[in-house]
Amino acid sequence: MKNKIDLIIKNHSFQCNLRKIETLEISREFCKHDMQHFLDVARLMYIINLENSLGLPKYIIYTTALLHDIGRGEEYENGIAHNIASVHIAKKILHECEYEDKEIDEILKAIGDHRNNNGEFNTLSDVLYKCDKLSRNCIHCGATEMCKWSIDKRNSKITY
Ligand SMILES: [Fe+2]
């Protein structure tokens, strides 16, 4: 994989925002938005990419997954919707890590759409949306009673 991923995970803004989320979610009972979640989403996206022969580059998939919730701390602190805050923070990080403009546009579109996309497995946006949901371990969850996800939306079977 391109060493761009190393640049992302060492990026100052990425690290600061990740730590901020960790601190703010320390006693969160629902699903967290931590490095484990980012990697779960990345790996699922890569599997879906291979299964559907989408041809999305591995480093683009991992970059998108690592950054898709990076604005969660902003949502907790300032009430900015996290997909919007994530786009804002990710844009700065992607420029600092010298991604190409076309790559930045595609990644930011996927992050911005990741709360309300309903498409099939065709684009980076579709794959992020579906894998974000698929990544959640509803089978073994301590917050089932309070979860706002309807029963039919929960991952009640292991598919990946
Ligand atoms: Fe997520």
Largest to smallest accessible area among D6, D69, D34 [probe 1.4 Å]
D6, D34, D69
Using a Förster radius of 25 Å, what is the FRET efficiency between D152 and C31 based on their Cβ-Cβ separation? Nearest 0.05, please.
0.90
So the pair-distance distribution of segment 1-151, from every Cα-Cα distance in 10 Å bins, comes to percents of 11, 42, 36, 10, 0
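Whole number please: convex hull volume per residue, Cα atoms of segment 79-160, in Å³. If you can, show how the numbers build up before the last one.
Working: hull volume 11.0 nm³, N = 82.
Once divided by residue count, the hull of segment 79-160 is 135 Å³.
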Starting from the Cα-Cα distance between L134 and Y160, subtract it from 0.36 nm times their residue separation and give me the gain in nm to one decimal.
8.5 nm
What does the convex hull of the Cα atoms of segment 2-56 come to per residue, in Å³, rounded to a whole number?
84
Please report the accessible area of H95 (heavy atoms, 1.4 Å probe, ligands and nucleic acids excluded) in Å², nearest 10.
100
Please report the accessible area of S150 (heavy atoms, 1.4 Å probe, ligands and nucleic acids excluded) in Å², nearest 10.
50
Going from most exposed to least, what order do S156, S135 have by accessible area with a 1.4 Å probe?
S156, S135
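Mind ranking K153, K32 by accessible surface for me, highest first, 1.4 Å probe?
K153, K32
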Taking r as the C-beta separation of H12 and R115 and R0 as 35 Å, the FRET efficiency to the nearest 0.05 is 0.85
Carbon-plus-sulfur fraction of the accessible area of segment 1-98, 1.4 Å probe, in percent?
53
Kindly identify segment 66-122 as rounded, prolate or oblate by the Cα gyration tensor criterion: order the square roots of the eigenvalues as a ≥ b ≥ c, call it rounded if a/c is under 1.5, otherwise compare a/b with b/c, prolate if a/b is larger, else oblate.
oblate
Give, in nm to one decimal, the length gained when the segment between I84 and N122 is fully stretched (0.36 nm per residue of separation minus the Cα-Cα distance).
11.4 nm
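The values are calculated or read from the model by the stated rules, or taken from the named source; none is laboratory data. Keep in mind it's a predicted model, so treat the numbers as computed, not measured. Cβ sites come from the backbone with ideal geometry, for glycine too, and all protein chains shown count toward neighbours. The area values use the complete protein model at the heavy-atom level, side chains included, leaving out ligands, DNA and RNA. Shrake-Rupley method; radii C 1.70, N 1.55, O 1.52, S 1.80 Å.
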